[in-house]
Amino acid sequence: MLGAVDQGLITAVLALGVFLTFRILNFADLTVDGSFTAGTASTAILIFNGVPPVVAIGGGIVAGALAGLVTGVLHTKFHIDPLLASILVMLAMYTVNTRIMWMGHDGLHRSNVGLLGKDTIFTPLVENRLRGTWVSVGCIGAGVLVVAAVMVWFLATKFGFAVMTTGDNPGMASAMGINTAMTKTVTLMVSNGLVGLCGAITAQYVSSSNIEDGRGMILIGLASVILGNAIFGTRYLWLAAIGVVVGAVLYRVAIFWALKWEFIENSDMKLMSAVLVVVALVLSQSKSANTLVTKLSPWRQRADIPEQMSVVPNPFSPMAELDAAHQASTAQPTHTGSGHARHKAPPPCGPDNPRRGPDDPG
């Protein structure tokens, strides 16, 4: 089971990238399936050609970021719908990733790259029989927490505020002078760079890369985000990021226990992933389920108050507090208008305005 925890922590890096696009930028990005394979293929072929494992990880990050760049350019420069742009890139990446795998020093055309006998970042753990133990869980977990902290820091910068404003209301962001095309493109690059990083680490963990590695990874990322937000809520950005990491681990552990059943095969994993996402979505909309989770999770908001990230505007937007104050002020009942008379308070009594009795004239 600790091996499943290892894989869940590695997948959490991908889930953080999905969190950036789907939750923060409000961009339906399906490039993930292609950029994940780009990360595995680039890293594997670099190690196959003798490049050090740490440097090969950089190659995976760059490959994923370039895929995100293409999606951003198609959307912002050519005004293609976000969903369609990401689907086009995802399809094109299949050929690109295949060509990457053909770049071995032996010149062979292959659809998978094996790294058995090659040094990876996990070689010391394997040699000391520590992979799949608490030691590997601690090492991978520390690295994932560093990635989550960097992402939270990124969103806390001025550019991060611009990204959140763009995701909240692109029209308002543009009116404020924010270059929304740049914020979208850069965020897509960062998101898919994280996905490529996940692919690079995964390739070294399993010591191989296959052209089909990325199929269904977007579903895993969404499941992790949904589970994490359902448990930890979205009250604070750093807590939401931790929730995404925990959600990825819970997803992998749930799949691990499901595969223990005799009537479930490895080929059923995609169906199980879809079912798990559907269950998480249904439960997230259930008031009784939210009440139970709120009692178990004191850091969440009350169950009768909608989670901030589930409504508009984006709670991480720098204008969120102003919007809330404006909504509170406009919610107060007023009695002005054409159908209601305005009542003015009588002027104070004084020498120039003596109080008159009911029978006084005027």
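Annotations for the structure displayed:
- Qualifying positions in segment 148-204 - out of contact with any helix residue (DSSP H, G or I) (no Cβ under 6 Å at 6 or more places or on another chain) and not in a helix (DSSP H, G or I): Thr157, Asn169, Met176, Gly177, Asn179
- Thr76 being farther than 21 Å from Gly193 by Cα, surrounded by 14 or more Cβ atoms within 10 Å (Cβ to Cβ) and among the hydroxyl-bearing types (Ser, Thr, Tyr): no
- Filtered by the rule that a residue be touching a residue at least 60 places away in the same chain (Cβ under 8 Å), among the β-branched types (Val, Ile, Thr) and over 18 Å from Trp238 (Cα atoms), segment 124-162 gives Thr133, Val137, Ile140.
- Qualifying residue in segment 7-24 (condition: modelled with pLDDT under 95 and part of a loop (DSSP other than H, G, I, E, B)): no
- Any hit, segment 77-85, residues being within 30 Å of Leu188 (Cα to Cα), in contact (Cβ under 8 Å) with a residue 40 or more places away in the chain and either out of contact with any His (no Cβ under 8 Å at 6 or more places or on another chain) or among the acidic types (Asp, Glu) (or both): yes
- Taking (1) in a helix (DSSP H, G or I); (2) in contact with a Ser or Thr (Cβ under 7 Å, 6 or more places away or on another chain); (3) of a type in the set (Asp, Glu) in turn, Asp33 satisfies each apart from (2).
- Index of the failed condition, Leu84 passing every other in (1) assigned to a helix (DSSP H, G or I); (2) closer than 23 Å to Val13 by Cβ; (3) hydrophobic (A, V, I, L, M, F, W, C): (2)
- Meets criteria (crowded, with 24+ Cβ neighbours inside 10 Å and either touching a residue at least 40 places away in the same chain (Cβ under 8 Å) or touching a helix residue (DSSP H, G or I) at 6+ places or on another chain (Cβ under 9 Å) (or both)) for Phe19: yes
- If you go through segment 94-123 and keep only what is touching a residue at least 60 places away in the same chain (Cβ under 8 Å), in contact with a helix residue (DSSP H, G or I) (Cβ under 9 Å, 6 or more places away or on another chain), part of a loop (DSSP other than H, G, I, E, B) and not basic (Lys, Arg), you end up with Ser111, Leu115, Asp119, Thr120, Ile121, Phe122.
- Residue match in segment 60-75 (condition: at negative phi, part of a loop (DSSP other than H, G, I, E, B), touching a residue at least 40 places away in the same chain (Cβ under 8 Å) and among the hydrophobic types (A, V, I, L, M, F, W, C)): no
The values are calculated or read from the model by the stated rules, or taken from the named source; none is laboratory data. Just so we're clear, the structure is a prediction, and the values are computed from it rather than from any experiment. Cβ coordinates were reconstructed from backbone atoms using ideal geometry, including for glycine residues, and neighbour counts include every protein chain displayed.
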